[in-house]
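In what follows, a structure is listed as structure tokens, so that the remarks can point back to it.
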Amino acid sequence: MHSSPRTEAVPVPTPAASLVFTTTLSHGPLTRAEIGRRTDLSAAAVTKAVRPLMAAGYLVEGVDEEARPSLGRPANLVRVDGGRALFIGVKVTGDEIIAVLTDLCCRIRVARHVRITARDPGAVLASTAALVQELLTEADGFGVRVSGMGVAVSGDVDRTAGVVRYSPFLDWRDVPLAELAQAVTGLPVTVDNDVRALTVAEQWFGAGVGVPDFALVTVGAGIGCGLVVHGKVVSGAHGVAGEIGHLSIDPQGPPCHCGNTGCVEAIAGDAAIIRQVGAVTGLPVTDSAQALELAHRGDPGAREVYARAGEAIGRAIGAVVNVLGPQRVIISGEGLAAYDLFAEQIRDTFAAAAFGTAAQCDVMTRPLPFEEWARGAAATAIQSFIGTEHV
């Protein structure tokens with residue numbers, strides 16, 4: 001597992017080639033004419049971009065068998081050959097590591113989970129290396145080498161440097177994770193914030209495809225937000241753009257681990273809800289499932305805790321929409337298990353907070369299995385492999 005990282009990449013030597021490939025990856029299969037319309041490239045430019053990608057096996061062309069005979073000769077469709085390359089995505093939480101093997105189209109082929117008993121970087125890297133070895137063995141069965149690996153971690157992550165500057169759930173500071181993970185796996189490694197990674201997956205392969213401006217709000221252990229503006233995932237000058245979990249919306253509210261008071265996360269994060277439900281019910285509530293059960297059984301105190309959480313989330317979404325004016329807001333994360341308890345409060349508070357026509361923003365929910373966080377990490381590895389980095 002200590003071989004030198006591979007340097008192979010998709011042959012996209014020009015911006016036009018990169019645009020054609022990423023457009024086909026997200027929207028394909030497409031005819032060449034459709035590629036031209038979506039990219040504003042001439043037929044000649046599309047042909048020039050497609051040719052080396054086909055020669056290298058990353059794009060393939062075939063007849064659209066579903067085209068009606070009355071329309072004449074069926075059109076040839078260009079698509080990405082997902083099996084041309086494989087990737088590994090790893091999501092590290094405070095309790096477990098989730099790893100997936102995906103193809104070039106970010107479709108999960110294999111998934112693995114392992115509990116972690118120690119959170120120090122050395123222990124986590126050892127467990128990660130063992131999982132990666134399992135997935136590399138699985139990849140051998142597909143007859144395709146793994147071309148890259150992405151790792152997603154919560155908190156302040158410098159993707160360019162590959163450094164986890166601070167991860168509250170792991171209690172990591174200034175960990176050169178990309179370098180360390182590359183050393184133990186032998187793979188090119190991309191490290192990013194977990195919410196931004198999930199945003200990349202949604203932008204390229206999910207509910208954000210074709211939407212140039214959207215926000216992904218995640219609800220669960222933390223309250224996160226990934227931002228796409230003019231087709232680019234935005235991390236900001238300091239890498240922490242979108243940290244709506246640390247918007248202080250109640251100066252008299254509970255203290256937050258970030259040092260402020262009344263943050264959205266201190267009101268609506270899992271730990272905050274568990275603590276508040278335990279306080280109002282007087283019962284020993286130790287996890288989200290217990291808090292959720294009490295609320296679903298009709299305990300008025302527990303239901304009020306979830307209602308306040310919904311108001312906090314709705315106010316935060318309203319702030320995002322007012323500042324950036326996205327076309328869509330996607331709400332996801334493991335906290336959606338409680339969505340029926342705070343959906344009304346999110347909608348009402350958002351509607352009250354949104355200014356003018358900003359209230360017309362499409363707010364949708366998208367429940368995702370936990371493997372999707374690891375898939376997001378794989379999406380960042382695919383992005384690095386193609387050479388299309390976000391800002």
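The values are calculated or read from the model by the stated rules, or taken from the named source; none is laboratory data. Note that the coordinates shown come from a computational prediction; the quantities given were computed from them, not determined experimentally. Virtual Cβ from ideal backbone geometry, glycine too; neighbours counted across all protein chains shown. Just the protein is used for accessible areas: all its heavy atoms, side chains included, with ligands, DNA and RNA removed. Shrake-Rupley method; radii C 1.70, N 1.55, O 1.52, S 1.80 Å.
Taking the criterion of being open to solvent by less than 20 Å² (accessible area, probe 1.4 Å) and under 13 Å from the mean Cα position of the chain (by Cα), the residues of the stretch 155-203 that qualify are Val191, Asp192, Asn193, Asp194, Val195, Arg196, Ala197, Leu198, Thr199, Val200, Ala201, Glu202.
Would you mind stating whether Ala359 is touching a helix residue (DSSP H, G or I) at 6+ places or on another chain (Cβ under 6 Å), among the small types (Gly, Ala, Ser), open to solvent by less than 20 Å² (accessible area, probe 1.4 Å) and not in a loop (DSSP other than H, G, I, E, B)?
Values: touching a helix residue (DSSP H, G or I) at 6+ places or on another chain (Cβ under 6 Å): yes; among the small types (Gly, Ala, Ser): yes; open to solvent by less than 20 Å² (accessible area, probe 1.4 Å): no; not in a loop (DSSP other than H, G, I, E, B): yes.
In short, no.
Pairs are defined by a Cβ separation below 8 Å, a sequence spacing of at least 6 or placement on different chains, a first member in the stretch 134-151 that is buried (at least 19 other Cβ atoms within 10 Å of the Cβ) and modelled with pLDDT of 95 or more, and a second member that is of a type in the set (Lys, Arg) and in a loop (DSSP other than H, G, I, E, B); the pairs so defined are Ala139/Arg145; Ser147/Arg6; Gly148/Arg6. Do you know which of the residues in the stretch 103-131 that are touching a strand residue (DSSP E or B) at 6+ places or on another chain (Cβ under 9 Å) and part of a helix (DSSP H, G or I) is farthest from Arg375 (Cα to Cα)? Filtering the stretch 103-131 for residues that are touching a strand residue (DSSP E or B) at 6+ places or on another chain (Cβ under 9 Å) and part of a helix (DSSP H, G or I), the one farthest from Arg375 (Cα to Cα) comes out as Pro121.
For the residues Gly206, Gly253, Gly231, Gly222, the requirement of being touching a residue at least 12 places away in the same chain (Cβ under 8 Å), under 16 Å from the mean Cα position of the chain (by Cα) and over 17 Å from Ile331 (Cα atoms) singles out Gly231. One residue stands out among those in the stretch 286-321 that are in a loop (DSSP other than H, G, I, E, B) and open to solvent by 60 Å² or more (accessible area, probe 1.4 Å): the one that is nearest to Leu336 (Cα to Cα), which is Asp287. Take Thr380 and tell me if it is buried (at least 20 other Cβ atoms within 10 Å of the Cβ) and in contact with a helix residue (DSSP H, G or I) (Cβ under 9 Å, 6 or more places away or on another chain). So Thr380 fits the description; yes.
Here is the figure for the stretch 110-133: residues that are open to solvent by less than 40 Å² (accessible area, probe 1.4 Å) and free of Cβ contacts under 8 Å to residues at least 12 places away in the same chain total 2.
Within the group Ala377, Ala338, which residue is modelled with pLDDT of 95 or more and either farther than 18 Å from Val233 by Cα or under 15 Å from the mean Cα position of the chain (by Cα) (or both)? Let's see the steps before the verdict.
Working: Ala338 fails: modelled with pLDDT of 95 or more.
Being modelled with pLDDT of 95 or more and either farther than 18 Å from Val233 by Cα or under 15 Å from the mean Cα position of the chain (by Cα) (or both) holds for just one of Ala377, Ala338, which is Ala377.
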